[in-house]
1. Where in segment A:2-59 are there strands (runs of 3 or more DSSP E), lying fully within it, with 1 or more residues that are touching a strand residue (DSSP E or B) at 6+ places or on another chain (Cβ under 8 Å), more than 10 Å from every other protein chain (Cβ to nearest Cβ) and within 13 Å of residue A:98 (Cα to Cα)?
2. Mind counting the residues in segment B:85-117 that are assigned to a strand (DSSP E or B) and closer than 15 Å to residue B:42 by Cα?
3. Inspect all residues belonging to segment B:81-89 and state whether any of them is within 13 Å of chain A (Cβ to nearest Cβ) and under 13 Å from the mean Cα position of the chain (by Cα).
4. For residues that are in a loop (DSSP other than H, G, I, E, B), more than 7 Å from chain B (Cβ to nearest Cβ) and surrounded by fewer than 19 Cβ atoms within 10 Å (Cβ to Cβ), tally how many sit in segment A:85-106.
5. For segment A:62-75, indicate whether the set of residues that are touching a strand residue (DSSP E or B) at 6+ places or on another chain (Cβ under 7 Å), buried (at least 22 other Cβ atoms within 10 Å of the Cβ), within 14 Å of chain B (Cβ to nearest Cβ) and farther than 29 Å from residue B:1 by Cα is non-empty.
6. Could you tell me whether residue A:78 is assigned to a loop (DSSP other than H, G, I, E, B), more than 14 Å from chain B (Cβ to nearest Cβ) and crowded, with 16+ Cβ neighbours inside 10 Å?
7. If you check residue B:67 against the conditions, is it at pLDDT below 95, closer than 21 Å to residue A:1 by Cβ and touching a strand residue (DSSP E or B) at 6+ places or on another chain (Cβ under 7 Å)?
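The values are calculated or read from the model by the stated rules, or taken from the named source; none is laboratory data. For clarity, every value in this text was computed on a predicted model and none was experimentally measured. Cβ placement follows ideal geometry from the backbone for every residue including glycine, while neighbour counts extend to all protein chains displayed.
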């Protein structure tokens, strides 16, 4: 199976900061990567698919890039509602697997 | 807009069978184009894909999960179900149902709110 290694596990930032999270795949997954946001007590929400395509209604301050084994997710100007946990997920093949998550804290 | 809602017991005894149902509205499980999916979130926060089922009834499961799994589709009620047999404490988690487009597009575009299941005697 494809292993997804996400870093850092957590980070501290302030409103207005730009933050980046990386996800490394154990093998080439082309562009088959998605990113999710999860707030406490809620289900994950799809933000990005195909490594860089924003899901409907997602603000443009969120972005993703990368291919093959190295991917980056960026929030360009943190807003108060962005403090949450973020996960990556590959879908090259089965089983689908997720990164361990990154918690963005104030 | 598709909505998914999990239902089932919040407590299950070890070695028993856990059965959960996901009711779907705003979309038909009978229509093609999507895999109807189960994911769980363990107490440490990690997400695990359990498996999914297509409109045809073909189901695919995570081979790395030790618990026997079965996912089924009920087109008359527009819902799908998960069954985990011989559960252990390690199966305690929040269980989510979700939807994934088919093809090389298995991101999860819609999720239920989740249901917390504790395996305990």
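1. A:4-7, A:19-25, A:33-38
2. Total meeting the criteria: 8.
3. No, that holds for no residue.
4. So the count comes out to 3.
5. Yes, segment A:62-75 contains a residue that is touching a strand residue (DSSP E or B) at 6+ places or on another chain (Cβ under 7 Å), buried (at least 22 other Cβ atoms within 10 Å of the Cβ), within 14 Å of chain B (Cβ to nearest Cβ) and farther than 29 Å from residue B:1 by Cα.
6. yes
7. Yes: the conditions hold for residue B:67.
Here is a yes/no grid of residues against (1) touching a strand residue (DSSP E or B) at 6+ places or on another chain (Cβ under 7 Å); (2) surrounded by 13 or more Cβ atoms within 10 Å (Cβ to Cβ):
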position	(1), (2)
B:23	yes, yes
B:27	no, yes
B:41	yes, yes
B:44	no, no
B:51	yes, yes
B:57	yes, no
